[in-house]
Structure formats: C-alpha cells, structure tokens
Amino acid sequence: MFGVALVLVAAQLVWRGVVLHRGGFFGDDLNMVGRAAAEPFGLDYLFGVYSAHVMPVGMIANKVVTSLGAYNWTVTAAALLLFQLAASLAVYRMLRVLFGARWAILVPFSLYLFTPLALPAFYWWAAAVQALPLQIAIAMAVASHVTFLRSGRGVDAVVTGLWFLFGLGSFHLKAVFAIPLLLVLVTVLYFPVRERLRSLAVVFGAYAVMAGAYSILFLLQLDRLHGQTVGAPASEVAGRAMARMLGVTLPVLAAGGPGPWWYKFYAVPPQLMIGAAWLLVAVVVAVTLFFRRGAWKAWLILTVYPPLLMVPILAGRSLDRALGEEARYLADVTPVIALCLALAMLPLLGETRPYRRRIPARAAVRTACALLAAGVAACSVYSAHRYVTGTEPGRAEIRSYLASVRTTLAAAPPGSDVYPQQTPYDQFGFGYGDEGLSNLTLSPLAPPELAALMRNPRPAAAPLVLDRTGRRLVPARLTGPYVAAPGGCFPQRGGMISVPLTHKGGMVVLGLDYRSTARTAAYVRVGEQETEVVFEQGTGRIHIPFTAPGASVRMEILSADTQVCVIGGLFGGPVPR
C-alpha cells in the first residue's frame, strides 16, 4: 500500500512541477528574497517581524534558497517540491498512525494530494514557506499525539511539543490556535480522557506555556511593523469574510472548484458550482452519518476548526477584508479535511463495532468512490489550469522585468548611485513601508559592490533610478512639496542653517538646492540621523537619503569662511525624470 501512496505522491509532484514551470516570483517574494540577501543570518533575521509574522522556519528556508541563487526560480521550485513532498508524507503518516494500513486511507489522502484548495499558497513562495511547514506540523503533531495517547510515553508528548514549536515557527498566528485545538478535539472525542487526566493536564499545560512564550515574542515585535495593523476587525467585516471563506471558498475548492478565479487570489465560482459543492458535502455527510458510528465527531471537528483558524487571519488583515478572503489562507485546512473525512469513514486502529449498518458490496462502494474521485479530480485539474493561466501573464511580466534589471545593473558604471524607488508594477506592491523599495527588492540582482550601495545609499548630486521597463538607468527627480526660502536663502548663523522640512520616518530623499561661495563639507541632521555631505562651489542640488523622523533639517557648515545659501528643498521619493 505504501508503494501506491508513493505513486500518488509522485503524481502530485509531477502535477505541481508542471504548475511551477509556468510560475515565478510575485509580490512578497521580492521582499523575502531582498531581506535574505541583505541581512546576515542571526536572531534578528530569524525572529524579526515580517508582515505581521514571526516565522523563523520560513526565514531559514528563504535564506538557504536565496543563498543558492537570488531570484533563481528553478531552485525555488525545487524547494517548494521538497516541502510538498514532506507535507504529503506527513499527512500519509498521520492517516497510517490513526487508521493503520488500510487501503481506504488512500481516498482522503488523494483528496489532500490533489485538491486545488492548497494551490494558491503553494504557487506563491512567500505564502508556501508558511503554509507547507504548518501542514507538516499539523499532521506530525496529530500523529505523535495519538501515539502518546496510545502508549502513554513521555517521549511521544515531547515529540508532539517539538512539532507544535515547529508550527509556531512556521505560521504563529494560526498554529497557536489550530494545533492545540485539533489535539484537544481528537483527544476528547476519540480517546478516554479520565484515565490520563493528570498527564494530559501536564502535557497541554506545557503546550500552553510554549504558545504563551512564543506569543510574547511575537507581541514584542509588533512595534516594528510598517504600515500594517493587527487588531479586531469590525463585526460586519469579519462576518462577511467568514461567510465568503467558509460558505463558498472552502466547500467549493475542497470539491475541486472553483473553475474561475478573480485577481489571482479569490475563488469566484458560479452559483451552480456552489450549489453542487454543498450538495456533494451534504451527501458525504449524510452517508457517513448513516453508516459510521460517531461520524458526527469528525464533522464537528471540521465545523469548529476552520472558523477559529480564520480569527487570527482577520485580525492580521483588519483594515482590508479582501485580503482576509484570499484562498491561500485555507491551505492548511487540507490535512484536517483529509483527517476528518477519514474519521467519518474509517474505524480508528483497534476500534470495535465502528459501523451502524452493513456496508453495501465493496464493488459498488469502490465504483462510487472511483466515480466521485474522477469527478473531483477533473474539476481540480480544470480549476488549477484556470488559476495558472490567469496568473501566468503577471508572473511572465515580472520575470521579464527582473531579467532586464539584472542586465541593466550589471552594466552600470562603477560607483553609480542607484536610489531607492517604488517598483513599477502592481504585482510588486505587497511590501509595507520601506519593504517594497528597490534598495531591498532589486539589490540582489546587482553586482556585490553596487548592491551594497543600493542598500545603503549615499549623498549624491546626480542619483539614478531605473525606468519603468528596468532596461535603463535614468536621472532621478523627487516628488513632494517644495519649501523655498522666503528671502531667497535660509539664514546662516554661526555656520548653522535650519530648514523647516518635516519627515515622519521611513526611507526618503532630502533634496537641497544651494549656492556656495566655495567647496565645503557640512553635517546635515534630521532627527537623530546625521550625514556628512559636500556642497560644491557654485549652484547645485544635493540629494541625501534619510530614514529617521525629524521636525526640521539642520545643517552645520564646517568651513567658517564659506557662505552657503540654501535656496529651498523637499523630502520626496525618487522617480524617473
């Protein structure tokens, strides 16, 4: 039987490999790659907050893949397939531990392998490095916990705790609720609790301590978020998102839908498919309740688990309900669907009298299952095809842009000052604050010396930026409100000049127009950040990158006999002239 399971896994990987062949980097992927290329491997990198996540497991994977080749999709696709292989084997182990070596476990296992519910997260590197490790953690934690419940050995509880910790390090906001909830439900509904009440209290107490400690670490990092809010959404917003995700997206994708997708993330099935999906769900539930004793327990788990899983997602996306409705957030429900379907169909290992009634002839059951599986598989293939073809043009555009940028930066003259800029396509606009700027996202494409200058831009008279195609470096101009000196020059008193320009923080460029009687050095301060610059003799403009907030710009001219007239200035973002 294990050989057949491996054949099924191989078929899944071939299918996913074909999907990845048409894929590419997208959205948050650029921020992830840029961060891995720019930051040294250490605790700050591993446990730093990223888009409301503290995810050391994903950051390790990201660092390894990026070190093998920044923006190398072949390496990234190989890593995704390895993650998927591990997740598939973990789900198989979970089913094998709970139900034994039954051929029937291949039915829920196949549903896990081929459902399109997991595809949006798998197809996106930044999402996959959270979703796939969490799937591994869920399946392995359930397998280890059930082993502990049967054996009573402490080592199995420790192993479960390690898998829980692995899940916390993968997708904390979900794992902190999802894994303990699932373990509690399986324990209470399927195993005698009174016999091991004390040991279970110790075990779950230890898990609570782990969850609390990791949550404190997460909360301590929240002040480092840029532009993203974590909090409770409005009840109306939460209700609509829940209804959409659990009433449409979950049942339709689990049944092989949705067929059409909207804007790469959202399932938009026709009403007929929604009705067909719910009819299929109703038939499966009714049949299992009719034949299987205790089938209601499985469906109770599947009723409770997804809504609770959505709560932290809606909290993390409190300002944008649409983000909380992305299908990728349901990817880690797939192992639980497989588990619950198996619990509703099959007896646990050692269970006696599992069925209420005699099951019809095996041939009829096999035929029905085969027809049902074929229908779901056909819908899955169609939905996956629609998803991939819908996203392919955007991914191809990004691939072309990244290739052009790599060529352009490789040909840049030594010492070029390439300033931070917003990347031009909508697909790149997923970073918050400075995370989406080119000094992070595009610097991995540059030769090492230029990459260092891009990440740490210096004052320059003639900075450069990429044009919208990425094929040329062109002079930069700044966008922003300009403040001119009322009398032609801001006063210079005792070598000090103050300009009433305010900056709230974040990467920005200060542009100062000046006229100087001689070449002189000066210190320019914004808040607590100070930069040394050179004012050339005559009239010119100096561009100075800053990140610190400040209520004014202060300058100290280092040459006492030099008069510098600052004509005006602005804080702005560099764009092509």
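Go through the range 106-123 residue by residue and turn each phi into a ³J(HN,Hα) via Karplus (6.51, -1.76, 1.60, θ = phi - 60°); whole Hz please, and just put x for glycine and proline.
5, 5, x, 5, 5, 4, 4, 5, 10, 5, x, 4, 8, 5, x, 6, 5, 7
For the range 1-42, with every protein chain kept in place, what is the accessible area per residue (1.4 Å probe, Å²)?
38
Going by amide H atoms built from the backbone, whose H comes under 5 Å of the H on ALA461, apart from near neighbours?
Result for ALA461 returns HIS543.
Taking the mean number of other Cβ atoms within 10 Å as a proxy for protection, how do you rank 133-142, 506-515, 272-281 from highest to lowest?
133-142, 506-515, 272-281
Of the labelled options (1) 173, 52, 47; (2) 76, 72, 48; (3) 102, 50, 44, which one gives Cα extents along the principal axes in Å as computed for this structure?
This structure yields the entry labelled (3).
Ordered by residue, what ³J(HN,Hα) values in Hz, to whole numbers, does the range 96-105 give under the Karplus form 6.51 cos²θ - 1.76 cosθ + 1.60, where θ = phi - 60° and Gly and Pro are x?
Values per residue, Gly and Pro as x: 5, 5, 6, 10, x, 7, 9, 4, 5, 5 Hz.
Which whole-Hz ³J(HN,Hα) couplings does the range 565-577 yield from phi under the Karplus relation 6.51 cos²θ - 1.76 cosθ + 1.60, θ = phi - 60°, glycine and proline marked x?
9, 8, 6, x, x, 7, 9, x, x, x, 9, x, 6
How large, in percent, is the carbon and sulfur part of the accessible surface of the chain at a probe radius of 1.4 Å?
64
Sort by residue number and report every cysteine in the chain with no other cysteine beta carbon within a distance under 4.7 Å.
Flagged as lacking a Cys partner: CYS340, CYS369, CYS379.
Per-residue accessible area for ARG102 at 1.4 Å probe radius, Å² rounded to 10?
70
The values are calculated or read from the model by the stated rules, or taken from the named source; none is laboratory data. Here the structure is a predicted model, which means the values were calculated and not measured. Cβ: placed from backbone, ideal geometry, glycine included. Neighbour counts: every protein chain shown. Heads up: the accessible areas ignore ligands, DNA and RNA and are worked out on the full protein's heavy atoms, side chains in. Shrake-Rupley method; radii C 1.70, N 1.55, O 1.52, S 1.80 Å.
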